[in-house]
Amino acid sequence: MVLPPVGMPRWIASPTLKQRLRHHTTTASWRGSGRTAQWRTLAHAGFMRDVDLVPGSHDGRPCEVDAPFWQVGTTIPLATGDVAIITAERRARTGPHEAAILPRLDALRPHLARACQLGAQFGCERTRVATMTLNQIGLPAAVLSASGRVLTMNARMQEREEVLPPGQHGGLLFKSLINSKLLQDAIGNVVGGRHATQSMPVRGYSDHRPQIAHVMRLDRHPGDVFGASAVLLVLVHVGAWAVPDDGLLNLLFDLTPAEARLLQALAGGSRLQSYAESVGVQTSTVRTQLTSIFNKTGTKRQAELLSIVASLSMFSGQTAPCLDAA
């Protein structure tokens, strides 16, 4: 079982224990009471029997779901902030585990700890790849733990002046949210499954333009218990974005260089007549180019065309003046 700082535990178990664990972890009581809570606070770097951990822990209650049992287990803190708990169960009628088994289990513990850390490290690598992918398409992004600590962020996020340097203020992300519960509440809602996505405003420090931070859950394989209860945060500017470059416009719509320049000028706020004068051609020539752009992009009006440009240009990672209707 892997326990995150907030949110629900993740676990894998033998078939005979699945019903009990499913019943146990669907309630909030596991965090503050019961043996799971006792194991979670254990600081002993080895295996222990529950009878030694909390004398009298066997209450003898015959319950169909939570049948009386004895445990021997150990806790392994993970670099992600989660805690892994490994236990072996024994039915109550057979009595507690013998003390002689502890040295044998302790000999296995370094290997178990290494396996847990590698599993958590693999999950962190997946999150790093996710942020790098978003970096390539121009989106500032970071992966945060369930407690709000930054696990990784891409280069575009690091460049933002409103982002705190790594390691400051307990690993928090934004200067404007140091003393705010807004981000932590959003993470809690996403990790707890109450919302698939949460969005919030973030104040920009360099250009003073409003931004929106979108918080969403990182998908993981159902059997991956070591994947941190992490969330992906993507930062998006509010307003118009820079026009895509010639290469992207040619790749998507097969625009000629002249058509691409015209589309970029229109998206930048130019009018047809002023653009024609600036490049030294007739307005009719520019209108012919615009008609060709309409045909290639499947649009009929400039408003539709500029809407497509705006949706593409969010991946440029740069800002541009607001669009001016022609």
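The values are calculated or read from the model by the stated rules, or taken from the named source; none is laboratory data. Here the structure is a predicted model, which is why all the values come from computation and not from measurement. Cβ placement follows ideal geometry from the backbone for every residue including glycine, while neighbour counts extend to all protein chains displayed. Surface areas here come from the heavy atoms of the whole protein model, side chains and all, with no ligands, DNA or RNA. Shrake-Rupley method; radii C 1.70, N 1.55, O 1.52, S 1.80 Å.
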Pairwise FRET efficiency - Lys181 versus Ser14, Cβ, R0 = 45 Å, nearest 0.05: 0.65
Gyration tensor verdict on segment 90-129 (Cα atoms; rounded if a/c is under 1.5, prolate if a/b is larger than b/c, oblate otherwise): oblate
Nitroxide proxy distance, nm - points 7 Å out along Cα→Cβ at Thr26 and Thr291: 6.6
Largest to smallest accessible area among Ile85, Ile308 [probe 1.4 Å]: Ile308, Ile85
Amide H partners (placed H, <5 Å) of Thr152, local residues excluded: Val143
Solvent-accessible surface ranking, highest first, for Phe47, Phe253 at 1.4 angstrom: Phe253, Phe47
Spacing of the two label points (7 Å from each Cα toward its C-beta) at Thr283 and Asp254, in nm: 3.1
Heavy-atom surface of segment 108-152, accessible at 1.4 Å and reported per residue (Å²): 49
